[in-house]
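Peer 1: First the structure, which I've put down as structure tokens, then a few questions once you've had a look.
No value in this document is a laboratory result; all are computed from the given coordinates. What you see is a predicted model; the values in this text were computed from it and never measured. No Cβ is skipped: glycine too gets one built from the backbone with ideal geometry, and neighbour counts run over all protein chains shown.
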Amino acid sequence: MKKLVLVIFIATAAAAASGCSKGEARPDQVRKPSIAVEVAAAHPAEVVEGIDVTGSLEPKFWADVKTQIPGLVKQVYVHEWVRVSKGTMLARIDVAETEALVKRAEASVESARAGLAQARVTATRADREFARAVKLKDAGLATQQSVDDARTEAEAAAARIDASKAQIRVAEEEVRQARARQAKGLVVAPIDGVVALRDVNVGDLASDAAASKPIFRIIDNRVLNLTVTVPSAESARVKIGQPLEFTVDALPGKTFTGKVMFINPELNAADRSLKVVAEVRNVDELLKAGVFAKGRIITGRRGNALQVPRSAMAGWDSVSGKGRLFVVSGETARARGVETGTVSGDLVEVVKGLQAGERFVVRGGFNLKDGDRITIASRGN
């Protein structure tokens with residue numbers, strides 16, 4: 001009986017062994033297939049440190065033009081979008097009454113000058129009479145009274161010359177005032193620029209500057225101000241003279257540069273942000289006032305830094321500056337903790353945990369685990 005049981009057991013074991021050799025492998029013998037990934041090598045490069053900002057462009061120089069005197073608009077010389085220079089005539093106000101005052105003041109000047117000429121003739125005659133009286137007195141043919149009267153007349157004539165000169169100055173000042181008022185009838189451009197607004201037509205009744213609204217607006221787009229706000233935590237890094245690089249949606253692919261020119265001495269009480277103004281040279285006038293801009297204030301540059309794409313980071317916490325990379329070791333991907341620094345667009349600086357020349361997974365690592373076999377689909381630089 002014991003021999004029979006032993007024979008059955010040996011036969012069963014042999015059958016089981018034969019079945020395993022012909023069927024599927026055991027679970028502990030299954031090998032996970034390799035995962036296709038893209039890799040890149042870490043190379044030292046320059047890191048640009050900066051503060052990301054947004055803001056809008058406004059003209060540094062612009063002017064709202066008003067009329068200085070009330071009156072009827074007689075002529076308009078320009079229309080919108082034309083370029084004008086400082087002093088270009090924009091419009092003319094009817095100042096017929098002022099023109100009459102100018103003519104009358106000019107006539108007063110001529111009258112005063114004629115009075116001066118007459119006073120000089122009288123003074124010359126009085127001087128001659130005084131000289132003759134002195135000679136007659138010396139010859140005993142005239143009295144001292146005659147000499148004194150002649151002297152008094154000569155002095156009076158000289159005084160009338162001075163009075164005539166004063167009258168001329170008064171008349172000339174009246175002319176200047178009348179002409180100045182007449183000149184106010186000409187509306188001229190106060191700066192070089194482009195007419196962005198024309199809000200007047202011939203026949204309109206213009207008010208004086210104190211009560212009127214602008215009838216022209218001149219904008220000079222050759223120099224723009226980019227106004228941005230900086231978080232209070234970054235405010236100490238901003239300095240006057242730092243470059244500000246930015247882009248605008250209207251001109252994709254082009255990068256523009258300005259210079260920080262003004263830093264508000266106090267933070268905004270509402271959101272604790274700092275107002276910063278950068279000056280942008282726009283000689284070719286590609287940029288327009290009012291455009292929204294996105295950019296960075298460049299606070300420093302460092303060389304020999306290692307940067308990786310954001311897509312290569314796994315479980316990255318930008319606040320604490322910690323994350324993971326899958327570093328290539330032969331045909332295996334190894335998860336490695338790293339510490340990060342400056343973020344420049346889509347590139348993240350790795351300050352600890354990665355060495356120059358090491359290869360890391362750029363794409364395809366979303367389902368990787370430490371120790372997984374990989375197949376390199378493509379290599380980056």
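Peer 1: Only helical DSSP H runs with n ≥ 4 go in: add -39500 (n - 2.57) per run for the chain, normalise by residue count and round the 222 nm mean residue ellipticity to 500 deg cm²/dmol.
Peer 2: Calculated at 222 nm, the ellipticity per residue is -10000 deg cm²/dmol.
Peer 1: When N counts the residues of segment 247-361, how does its alpha-carbon radius of gyration compare numerically with 2.2 N^0.38 Å, as a ratio?
Peer 2: The value comes to 1.46.
Peer 1: So if the hydrodynamic radius of segment 127-252 is defined as the Kirkwood radius over C-alpha pairs, what does Stokes-Einstein give as its diffusion coefficient at 20 °C and 1.002 mPa s, in µm² per second?
Peer 2: My calculation gives 91 µm²/s for D.
Peer 1: Kindly state, as a whole number, the per residue volume in cubic angstrom of the convex hull around the alpha carbon atoms of segment 297-381.
Peer 2: Spelled out: Cα convex hull of segment 297-381, divided by residues, is 104 Å³.
Peer 1: State the dimensionless ratio Rg/Rh of segment 118-166 (Rg: radius of gyration of Cα atoms; Rh: Kirkwood radius).
Peer 2: 1.08
Peer 1: Separate question: Over all directions, what mean area does the Cα convex hull of the chain project, stated in square nanometres?
Peer 2: 42.7
Peer 1: If you don't mind, another one. Against the 2.2 N^0.38 Å scaling, with N counting residues, where does segment 257-301 land? I'd like the Cα-based Rg ratio to two decimal places.
Peer 2: Values: Rg = 13.0 Å, N = 45, 2.2 N^0.38 = 9.3 Å.
Output field value: 1.39.
Peer 1: Still on this structure: Can you work out the FRET efficiency for the pair A45 and S318, with r the C-beta to C-beta distance and R0 = 30 Å, to the nearest 0.05?
Peer 2: After rounding, the FRET efficiency stands at 0.90.
Peer 1: Assign unit charges at the C-beta atoms only (+1 for Lys and Arg, -1 for Asp and Glu), then state the dipole size of segment 121-166 relative to its Cα centre in Debye, rounded to the nearest 20.
Peer 2: The dipole magnitude comes to about 160 debye.
Peer 1: What are the equivalent ellipsoid semi-axes of segment 96-182, built from the alpha-carbon gyration tensor (square roots of five times its eigenvalues), in whole angstrom, biggest first?
Peer 2: Values: eigenvalues 353, 15, 8 Å².
Largest first, segment 96-182 gives 42, 9, 6 Å.
Peer 1: I want to check the label-to-label distance for A270 and N367. Put each point 7 Å from Cα in the C-beta direction and report it in nm to one decimal.
Peer 2: Result for the modelled spin labels: 4.9 nm.
Peer 1: To check my understanding: the extent here is largest minus smallest coordinate of the Cα atoms along each principal axis. What are those three numbers for segment 228-309, in Å, largest first?
Peer 2: 37, 35, 22
Peer 1: Then there is this: Relative to the longest principal axis of the C-alpha atoms of the chain, give the angle of the C-alpha long axis of helix 96-138, reported between 0 and 90° and rounded to the nearest 10°.
Peer 2: Around 40 degrees separate the two axes.
Peer 1: Compute the separation of the alpha-carbon centres of segment 316-381 and segment 134-200 and state it in Å as a whole number.
Peer 2: A separation of 91 Å, based on Cα centres.
Peer 1: Also, quick follow-up: Taking K254 as the anchor, which lysines have their alpha carbon closer than 27 Å to its alpha carbon, excluding any fewer than eight residues away along the same chain?
Peer 2: K60, K239, K275, K288, K294
Peer 1: Let me ask another. Taking one equal scatterer on every alpha-carbon of segment 38-193, how large is log10 of I(q)/I(0) by Debye at q = 0.10, 0.15 1/Å?
Peer 2: For segment 38-193, the Cα-only Debye profile gives -0.68, -0.93.
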